[in-house]
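Working notes for the structure below.
The values are calculated or read from the model by the stated rules, or taken from the named source; none is laboratory data. No experiment lies behind these values; they were computed from the predicted model shown. All Cβ positions, even for glycine, are placed from backbone atoms using ideal geometry, and neighbour counts span all protein chains on display. These area figures cover heavy atoms from the full protein model, side chains too; ligands, DNA and RNA do not enter into them. Shrake-Rupley method; radii C 1.70, N 1.55, O 1.52, S 1.80 Å.
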Amino acid sequence: MRHLQLEFTMVAGTAILFLTTILLNEVLFTHLEFAPGINMIYLPAGVRLLSVLLFAEAGAIGLLLASWGICFFYMFPDDPLRSFIGGILSALAPYLAYRALLASGIGASLRGMSGQRLFCFALLFSVMSPAMHHVWFALTGGQDLWHGFVVMFIGDLAGTLIVLYGARLALNVFSPGPMARRR
């Protein structure tokens with residue numbers, strides 16, 4: 001029962017954090033919007049990757065539920081198919097990047113990754129997510145795919161780097177490291 005409560009907490013926490021970050025991004029970066037959900041700085045992308053890095057499948061489920069809520073009720077309320085697929089892609093892309101990280105043998109610890117590996121992980125995700133979304137857009141007759149892909153890549157990379165390096169900095173500042181234990 002305790003495990004189920006922990007899983008529910010991780011799913012709910014991920015959903016709340018993701019929704020809060022969507023709102024924050026709307027407030028801070030609306031002027032950088034290329035199209036709905038495609039911004040030059042997209043902090044929710046970083047939260048998506050951080051959530052699966054911290055909570056694995058529970059993070060992906062929280063992202064899926066929150067993404068469906070955002071897509072169905074806010075971004076694309078008149079397009080249920082786009083909302084359904086968009087929610088799946090928003091959760092699947094970071095989860096697949098996370099699985100690729102595990103398969104590489106690097107390990108999935110935010111603290112254990114070097115800055116260079118963290119950047120490579122963010123770069124992988126920032127290519128995968130727009131690629132998956134734009135394949136869907138191409139299949140459904142989307143317009144201006146190249147520009148949309150480039151802007152989504154830049155926005156996802158910028159948002160992901162801000163969130164991941166911010167989280168890593170917070171870990172280093174607020175948790176005792178080897179130097180603090182020696183004192």
Sort ASP156, ASP144 by heavy-atom solvent-accessible area, probe 1.4 angstrom, most to least.
ASP144, ASP156
Compute the angle between helix 43-70 and the longest alpha-carbon principal axis of the chain, please, reported from 0 to 90 degrees and rounded to the nearest 10.
30
Over the chain, the quotient of the Cα radius of gyration and 2.2 N^0.38 Å is 1.05
Using a probe radius of 1.4 Å on heavy atoms only, what accessible surface per residue do you get for the chain? Whole Å² is fine.
54
Helix axis angle, 115-139 relative to the chain longest principal axis, alpha carbon, degrees
20
For the stretch 53-151, what relative contact order do you get, as a whole percent, if you take Cα pairs closer than 8 Å and at least 6 residues apart?
23
Extension gain, LEU110 back to SER175 (0.36 nm per residue minus Cα-Cα distance, nm):
22.1 nm
Among GLY155, ALA60, PHE76, the residue whose Cα sits farthest towards the positive end of the charge dipole of the chain, when +1 is placed on the Cβ of each Lys and Arg and -1 on the Cβ of each Asp and Glu, is ALA60
Charge-dipole axis of the chain as Lys and Arg at +1 and Asp and Glu at -1 on Cβ define it, positive-most pick from TRP136, PRO44, SER175
SER175
Rounded to the nearest 10 degrees, the helix 2-29 long axis (Cα) sits at an angle to the longest Cα principal axis of the chain of 60
What is the ratio of the Cα radius of gyration of the stretch 81-183 to 2.2 N^0.38 Å, with N the residue count, to two decimals?
1.31
Determine the dipole magnitude for the chain: charges of +1 sit on the beta-carbon of Lys and Arg, -1 on that of Asp and Glu, nothing else is charged, the reference point is the Cα centre, and the result goes in debye to the nearest 20.
1100
Give the calculated FRET efficiency between ALA100 and ARG2 to the nearest 0.05, with a Förster radius of 22 Å applied to their Cβ-Cβ distance.
0.10
